[in-house]
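J.: Below you will find the structure I want to go over with you.
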Amino acid sequence: MKTINVQSSCDDEKQMGTLTVEDALHRMLDAVTERSTTERIHLTQAIDRVLAEPLVSPINVPSHRNSAVDGYALNSAMLPIKPNITTLSVVGKIVAGHPYQSTLKQDKAVQIMTGAQMPEGADTVIMQEHVETEQDSVRFDARHTSGQNVRQAGEDIKQGQTILKTGIKLTPPQIGLIASLGIAEVNVKTAITAAVFSTGDEILSLGQPPREGCIYDSNRYSIISALKKLGCRVVDLGIISDDPVKLKETFELASNSADVIFTSGGVSVGEADFTKQVLADVGNINFWKVAMKPGRPVAFGHVNGTTFFGLPGNPVAVMVTFYQFALPCLQKIMGIKNPLITPSLQAQSTQNIRKLPGRTEIQRGILSQTEAGEWQVCTSGKQGSGILRSMSDANAFIILEHERASVSAGEQVTVQPFSGLF
Ligand code: AMP
Ligand code: MG
């Protein structure tokens, strides 16, 4: 089972105070392992699934020599030498799916359609736009070369060739490629099952009437949506009050029913934060202070061998820590070798942004292009870590690096567009 050496991490933490974003991510990545279970599924179910074995082609592609154009197939021995012109009589017409049954005689041509199988005896096709037809014959000049306009069998893929490697998260073109080989089923990694619950006496489920001093649960819904987008199965365990007995029961249940557990809230230092106390009994958990804003308190470890992400309570901190930490870890667990590329880019800040060096700040921004095609970014509103509105209005993170101080309008900043993330 997956366990990590908690003691040493805690000691380190005491010495270091807080972890940088990079340190925290490395520790998490080191502590998760690629899943080994696989299942065979039909290709129609395989989109976004991760290949568990190399895909080897059982056939040649194309499977037969065929014409790349509509035209006339002939033997290249009949091509004229400049300035001559050749005339050949045409013996018939070959259409796709209906092969010519005999060998083409050397002094004949046959009309052929795109994709139709080349007849024995022919090795060259002249496009129909490059011939003159006359009753049952074609005339052509000396501009043609031997073998032109013919697609050879196995030209794209050879039988026995590996065409997709283990760890590929399948995309629509790859599904098409697999189908083109006549393969109906693929071996993929089994999906990750994630158990999710929210913590807090003040948290209300959708459908409950508003109550004084309480707020609606948003984290469970954003976490579950993000997990579903990644192809995880979700066990929704609802909202658990700040009660050590209930929390402990729920952690036991979660670790029995899932590969990964996600919670939100209860990981900061606070009166009602029982998570620590409860987890001391059931798991090996690190409670980290990460030098980032939002998302400073993060818990991570294993509960009865099940990977556990204790995300902060504040809704934006949840999104930021999910994206910065959980996403790369889930990709590693899923064995994805071609993760979605979400490139960061440099954009000009249109405003001043206050920032202290010594922690990474991840702000919500609106990225756009000027008429001249240059990238520019502004923040999307108030940046408090509980303010979901500015997260919802944003289309990118503005990453203000650990050592960076305040940004003046006009400076370049690093921006991570959301596309593909949320
Ligand atoms: P905590 O770390 O539990 O003290 O939570 C920090 C802040 O996040 C508090 O203001 C909580 O009310 C809020 N919070 C915790 N869980 C949720 C949730 N599931 N949905 C929305 N806000 C939450
Ligand atoms: Mg709480």
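J.: Is the C-alpha gyration tensor of the stretch 291-377 telling us rounded, prolate or oblate? Criteria: a/c under 1.5 is rounded; beyond that, a/b larger than b/c is prolate, otherwise oblate.
T.: In terms of gyration-tensor shape, oblate.
J.: So what are the ³J(HN,Hα) numbers for the stretch 123-139, from phi and the Karplus equation (6.51, -1.76, 1.60; θ = phi - 60°), rounded to whole Hz, Gly and Pro as x?
T.: For the stretch 123-139, the Karplus curve yields 9, 9, 10, 9, 4, 5, 5, 9, 10, 10, 9, 8, 6, 9, 9, 10, 10 Hz.
J.: Quick one: 3J(HN,Hα) in Hz for the stretch 257-268, Karplus 6.51/-1.76/1.60 with θ = phi - 60°, rounded, Gly and Pro as x.
T.: Those phi angles translate into 10, 8, 8, 9, 10, 10, 10, 10, x, x, 10, 8 Hz.
J.: Next up: Suppose a student asked you for the relative contact order of the chain, using Cα pairs under 8 Å spaced at least 6 residues apart; what percent would you report?
T.: 17 percent
J.: Let me ask you something else. To the nearest 10 square angstrom, how much accessible area does GLU401 have with a 1.4 angstrom probe?
T.: In the full protein context, GLU401 sits at about 70 Å².
J.: Go ahead and set up a Gaussian network model of the chain, Cα springs under 10 Å, then flag whichever of GLY295, GLY92, GLY154 fluctuates most.
T.: GLY92
J.: Further, regarding this structure: Compute the signed sum of charges (Lys and Arg +1, Asp and Glu -1) over the other residues within less than 12 Å, Cβ to Cβ, of THR350.
T.: In short, -2.
J.: Additional query: Could you compute the net charge surrounding ASN338? Neighbours are other residues with a C-beta less than 11 Å from the C-beta of ASN338; K and R count +1, D and E count -1.
T.: +3
J.: Using only the heavy atoms of the protein chains and a 1.4 Å probe, how would LYS289, LYS337, LYS165, LYS82 rank by accessible area, largest first?
T.: Most to least solvent-accessible, the answer reads LYS82, LYS165, LYS337, LYS289.
J.: Determine how large the accessible area of SER406 is when every protein chain is in place; take a 1.4 Å probe and give Å² rounded to the nearest 10.
T.: 60 Å²
J.: Using a 1.4 Å probe on the protein heavy atoms only, what accessible surface does LYS228 show? Give it in Å² to the nearest 10.
T.: Approximately 130 Å² for this residue.
J.: Continuing with the same structure: Compute, for the stretch 170-307, the length of the dipole vector about the Cα centre, with Cβ point charges of +1 (Lys, Arg) and -1 (Asp, Glu) only. Units Debye, rounded to 20.
T.: Using Cβ point charges on Lys, Arg, Asp and Glu, the stretch 170-307 gives about 580 debye.
J.: May I have the pair-distance distribution P(r) for the stretch 24-123, computed from all Cα-Cα distances with 10 Å bins from 0 and rounded to whole percent?
T.: The calculated distribution, bin by bin, is 12, 27, 17, 13, 12, 11, 7, 2.
J.: Could you identify which residue out of GLY358, GLY200, GLY373 has the top mean-square fluctuation in a GNM of the chain using Cα springs shorter than 10 Å?
T.: Most flexible of the set in this elastic network: GLY373.
J.: While we're here: Quick one: order HIS42, HIS98, HIS402 from most to least accessible surface, probe 1.4 Å.
T.: Heavy-atom accessible area, descending, gives HIS98, HIS42, HIS402.
J.: Which of VAL186, VAL377, VAL110 ends up with the largest GNM mean-square fluctuation for the chain, with Cα atoms connected below 10 Å?
T.: VAL110
J.: Rounded to the nearest 20 Debye, what is the dipole magnitude of the stretch 96-173 about its Cα centre when Lys and Arg each give +1 and Asp and Glu each give -1 at the C-beta?
T.: Rounded to the nearest 20 debye, it is 560 debye.
J.: What ranking of PHE418, PHE262 comes out by heavy-atom accessible area, probe 1.4 Å, highest first?
T.: PHE418, PHE262
J.: Under unit Cβ charges (Lys, Arg +1; Asp, Glu -1), what dipole magnitude, rounded to 20 debye, does the chain have relative to its Cα centre?
T.: That gives a dipole near 220 debye.
J.: Looking at the chain, send over the antiparallel percent of its DSSP beta bridges, to the nearest 5.
T.: 70 percent
J.: Tabulate in residue order the Karplus-calculated ³J(HN,Hα) for the stretch 394-410, using 6.51 cos²θ - 1.76 cosθ + 1.60 with θ = phi - 60°, rounded to whole Hz; enter x for Gly and Pro.
T.: Taking θ as phi minus 60°, the curve returns 7, 10, 6, 8, 9, 9, 9, 5, 2, 8, 6, 9, 4, 9, 9, 3, x Hz for the stretch 394-410.
J.: What does the accessible area per residue of the stretch 218-321 come to in Å², with a 1.4 Å probe and no ligands, DNA or RNA counted?
T.: 36 Å²
J.: Ok, one more. Size of the chain along its principal axes in angstrom, Cα-based, largest extent first?
T.: 95, 52, 46
J.: Next question. Mind checking which lysines have their C-alpha under 19 Å from LYS165, skipping anything on the same chain fewer than 8 residues away?
T.: LYS189, LYS332, LYS337
J.: Ignoring everything except DSSP H segments at least 4 long, calculate the 222 nm mean residue ellipticity for the chain; use -39,500 (n - 2.57) per segment, divide by total residues, nearest 500.
T.: Value at 222 nm, helices only: -5500 deg cm²/dmol.
The values are calculated or read from the model by the stated rules, or taken from the named source; none is laboratory data. Since the structure is predicted, the reported quantities are computational estimates derived from the model, not experimental observations. In this analysis, Cβ positions are derived from the backbone assuming ideal geometry, glycine residues included, and neighbour counts consider all displayed protein chains. All accessible areas refer to the heavy atoms of the entire protein, side chains included, with ligands and DNA or RNA removed. Shrake-Rupley method; radii C 1.70, N 1.55, O 1.52, S 1.80 Å.
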